Amino acid sequence: MSGMTKLTKDQFIPFLDTAKDADYSSSVWKRIDYSTIFELSAGEQEDDKDYICYATAVTEINSNKPELPQEIAIYEGNPIYDFLATEFYNLPVGEACKTGCLICFGGTGAKAWRAQVTITEKTLNTVDGVITFTLKFGGTIEKGTYTISDGAPTFITSTPS
């Protein structure tokens, strides 16, 4: 497979803002690390059109609503576990369920998404040793690039072309 590079799971890096800073001016980005899952869905919002020129309906994509089911192993002292354990314990509602998320994609170009996500479906499973949760993206997803220095990411907004 000449000319191709196999990307690995550790090159796709999700971060959460444990400071929950909605304008990103004082974000504290922590990597979701001790997880065994990563299955980011584009969450296409579809509409079927039954045009008279076709024998069957045509599906059109109207928008996207990405989501990322996740988990974190229950290691007290791990900043992401401590953040999610607090979220679980406090049972937040409304805007208190939101935080910043940064998805750093593997491969060339160091592409990234930055957005506010709602943390939903929190489940503490002490037998499996994890808290499972889903990050539901909403509103505007900023597209850009990233750098990581000493484990801390920096997001650079792309200039619209």
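For the stretch 54-67, the Karplus equation 6.51 cos²θ - 1.76 cosθ + 1.60, evaluated at θ = phi - 60°, returns couplings of 10, 6, 10, 5, 10, 8, 10, 9, 8, 6, 10, 9, x, 8 Hz by residue, with Gly and Pro reported as x. Using θ = phi - 60° in the Karplus curve 6.51 cos²θ - 1.76 cosθ + 1.60, the 3J(HN,Hα) couplings for the stretch 124-136 round to 8, 10, 6, 5, 7, x, 9, 9, 9, 6, 10, 9, 10 Hz; x is entered for Gly and Pro. Here's how it looks for residue 74: its modeled amide H is under 5 Å from those of 130, 131, which are all 5 or more places away or on a different chain. For the cross-link pairs 30/111; 6/111; 6/122; 6/49, the ones whose C-alpha atoms lie over 27 Å apart are 6/122; 6/49.
What is the Cα radius of gyration of the stretch 4-161 over 2.2 N^0.38 Å, N being its residue count?
1.17
For residue 111, the residues whose modelled amide H falls within less than 5 Å of its own, excluding neighbours fewer than 5 places apart on the same chain, are 105. Among the aspartates and glutamates, select those whose C-alpha is under 20 Å from the C-alpha of residue 9, and discard any that sit fewer than 8 residues away in the same chain. Straight-line reach from residue 9, under 20 Å: 33, 39, 67, 71, 150. What Kirkwood hydrodynamic radius do you get for the stretch 116-161 when you take the inverse of the mean 1/r over all pairs of distinct Cα atoms, in Å? For the stretch 116-161, the Kirkwood estimate is 13.6 Å.
Mean projected area of the Cα convex hull of the stretch 32-100, taken over all directions, amounts to 7.1 nm².
Distant-in-sequence amide contacts of residue 20, defined by a placed amide H-H separation under 5 Å and a gap of 5 or more residues or a different chain, comprise 28, 100.
Quick check: net charge around residue 120, other residues with Cβ under 14 Å of its Cβ, Lys/Arg +1 and Asp/Glu -1? Net charge around residue 120: -1.
Every number here is computed from the coordinates shown, using simple stated rules; none is lab data. All values derive from a computational prediction rather than experimental measurement. Backbone-built Cβ (ideal geometry, glycine too); neighbour counts: all protein chains shown.
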